[in-house]
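Enquirer: The following block contains the structure, expressed as structure tokens.
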Amino acid sequence: MAATLLVTHRVEKPWGRHRLWPGFADPAPGAEPVGEIWFQTPGDSAPDLLVKYLFTSEKLSVQVHPDDAQARERGLPRGKDECWVILAAEPDSTIALGTHRPVDADTLRAAALDGSIEGLLDWKPVKAGDFIYAPSRTIHAIGAGITLIEIQQNSETTYRLYDYGRPRELHLEDGVAVADAVPFVAAPVPGEVAPGRTILVEGPKFVVERWAGGERVLEMPQGVTGWLVPVRGRGEIGGVAWKAGECLTVTGRVALSASGDSDLLFAYPGGKRL
């Protein structure tokens, strides 16, 4: 019965940028670059999902995340499946997803130590409009020159395998232990299920839909929260005004009104569409 506009948290990163994305203020001259903008829920709650914008000027580290079972073995609440909607990319931008061929643990460890891991990875070109779903245990690295929206399980457990010589901590043994070092196979996209409603992913941990503008009524099951991520446009949901570059959580039954030029993402936990 409610829609809540989330607050933003800007995260400075060495690989971030001083030019962000329309709707977000650029860092002040001389300030550290901003790499991420998180949308945070009020209070001390730890929701199932987390939504971010990422802005890259350099390659991010080669990394991997545990699945739920592996995370809970370490006393963590959940693993980290994630997905990316590419908003903008330089002509030569790439994202590494999986390896060119199956790689055993010893080979992966040695390649991470000597830097040859970059050549083992499958660097795929990306462009504006692309959508990628990366399950936990997928070795990956987001390349330079990309602006994207990330929707993920709410976990920051990241094992860095390689960081191009940057002076940051690596997690080699943990990363090798959880990594599934095989070629990446993209999940099928269910596609349009109704006019103006496309399912981007129906994964085991969350569903992401893409909506056009217009009027609709949302009815969330009891105890389930949805995340509305306006990529473009403006409107109102449950009496709360929104515009592109914001994010809102939704519970219960609410009415949504979106301008005709709107492009909306809607995410919710669980692997079954509403």
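Any read-out appearing in this document is the output of simple, stated calculations on the displayed coordinates, not a laboratory observation. Quick caveat, the model's predicted, so the values are computed rather than measured. Every residue, glycine among them, receives a Cβ derived from its backbone with ideal geometry; neighbour counts consider all protein chains shown.
Enquirer: Starting from the Cα gyration tensor of the range 8-178, take the square roots of the eigenvalues, sort them a ≥ b ≥ c, and report rounded, prolate or oblate (rounded when a/c is under 1.5, otherwise prolate if a/b is larger than b/c, else oblate). Display every interim value, and only then the final one.
Expert: Numbers: a/c = 1.67, a/b = 1.23, b/c = 1.36.
Note, shape of the range 8-178 comes out oblate.
Enquirer: Can you grab the distance from the C-alpha centre of the range 65-108 to the C-alpha centre of the range 195-230, Å, no decimals?
Expert: Going from one Cα centre to the other spans 24 Å.
Enquirer: Among 221-231, 190-200, how do they line up by average Cβ neighbours within 10 Å per residue, starting with the highest?
Expert: Numbers: 221-231: 17.8, 190-200: 13.4.
Per-residue Cβ counts within 10 Å, averaged per peptide and sorted highest first, yield 221-231, 190-200.
Enquirer: For the chain, with only Lys/Arg (+1) and Asp/Glu (-1) charged at the beta-carbon, what is the dipole magnitude about the Cα centre, in debye rounded to 20?
Expert: Numbers: 28 positive and 36 negative charges, 103 e Å.
Computed about the Cα centre, the dipole is about 500 debye.
Enquirer: Let me ask something else. Mean separation of Cα pairs under 8 Å and 6+ residues apart, divided by the residue count of the chain: what relative contact order is that in percent? Don't skip to the answer; put the middle values down first.
Expert: Working: 707 pairs, mean separation 57.8, N = 274.
Taking the mean separation of contacting Cα pairs over the length of the chain, I get 21 percent.
Enquirer: Pairs to check: Lys124/Lys243; Lys13/Lys59; Lys243/Lys272; Lys52/Lys272; Lys13/Lys124. Give those whose C-alpha atoms are more than 20 Å from each other in this structure. Mind showing how you got there, number by number?
Expert: On the way: Lys124/Lys243 32 Å; Lys13/Lys59 12 Å; Lys243/Lys272 28 Å; Lys52/Lys272 23 Å; Lys13/Lys124 23 Å.
From the list (Lys124/Lys243; Lys13/Lys59; Lys243/Lys272; Lys52/Lys272; Lys13/Lys124), the Cα-Cα distance tops 20 Å for Lys124/Lys243; Lys243/Lys272; Lys52/Lys272; Lys13/Lys124.
Enquirer: Sorted from fewest to most neighbouring beta carbons within 10 Å, what does the list Glu209, Glu150 look like?
Expert: Details: Glu209 21, Glu150 18.
Ordered from fewest to most neighbouring Cβ atoms within 10 Å, Glu209, Glu150 come out as Glu150, Glu209.
Enquirer: Tell me, what is a quarter of the convex hull surface for the C-alpha atoms of the range 1-61, in nm² with one decimal?
Expert: Working: hull surface 22.7 nm².
Mean projected area for the range 1-61: 5.7 nm², to one decimal.
Enquirer: Now a separate question. Would you list Tyr53, Tyr133 from fewest to most Cβ contacts within 10 Å?
Expert: Values: Tyr53 25, Tyr133 20.
Going from sparsest to densest Cβ surroundings: Tyr133, Tyr53.
Enquirer: Just to confirm the number: angle between the C-alpha axis of helix 105-114 and the first principal axis of the chain, 0 to 90 degrees, nearest 10?
Expert: 80 degrees
Enquirer: Using only Cα atoms, what is the ratio of the radius of gyration of the range 51-145 to 2.2 N^0.38 Å? List each step's numbers first, then the result.
Expert: Values: Rg = 14.3 Å, N = 95, 2.2 N^0.38 = 12.4 Å.
After normalising by residue count via 2.2 N^0.38 Å, the value is 1.15.
Enquirer: Provide the packing ranking of 116-122, 213-219, i.e. peptides ordered by the mean count of other C-beta atoms within 10 Å per residue, highest first.
Expert: On the way: 116-122: 17.0, 213-219: 14.1.
Per-residue Cβ counts within 10 Å, averaged per peptide and sorted highest first, yield 116-122, 213-219.
Enquirer: Among Val254, Gly129, His9, whose Cα projects farthest towards the positive end of the dipole of the chain, with charges put on the beta-carbon of Lys, Arg (+1) and Asp, Glu (-1)?
Expert: Val254
Enquirer: Using a Gaussian network model of the chain whose springs link C-alpha atoms within less than 10 Å, name the residue from Thr157, Thr99, Thr249 with the highest mean-square fluctuation.
Expert: Thr157
Enquirer: Over the range 191-269, one equal point on each Cα, no solvent: what is log10 I(q)/I(0) by the Debye formula at q = 0.18, 0.24 Å⁻¹?
Expert: The calculated log intensity ratios at q = 0.18, 0.24 Å⁻¹ are -0.68, -1.24.
Enquirer: Something else now. If you filter the range 1-60 for trypsin sites (Lys or Arg not before Pro), then keep DSSP loop positions with at most 13 other Cβ within 10 Å, what is left? Mind dumping the intermediate values first?
Expert: Working: sites: Arg10, Arg17, Arg19, Lys52, Lys59; in loops: Arg19, Lys59.
Answer by residue number: Arg19.
Enquirer: Take the alpha carbon atoms of the range 240-274, find their center, do the same for the range 2-57, and report the distance between the two centers in whole angstrom.
Expert: 19 Å
Enquirer: Given a 10 angstrom Cα cut-off, can you work out which residue in Ser45, Ser57, Ser93 is the most mobile in a GNM of the chain?
Expert: Residue with maximal mean-square fluctuation among Ser45, Ser57, Ser93: Ser45.
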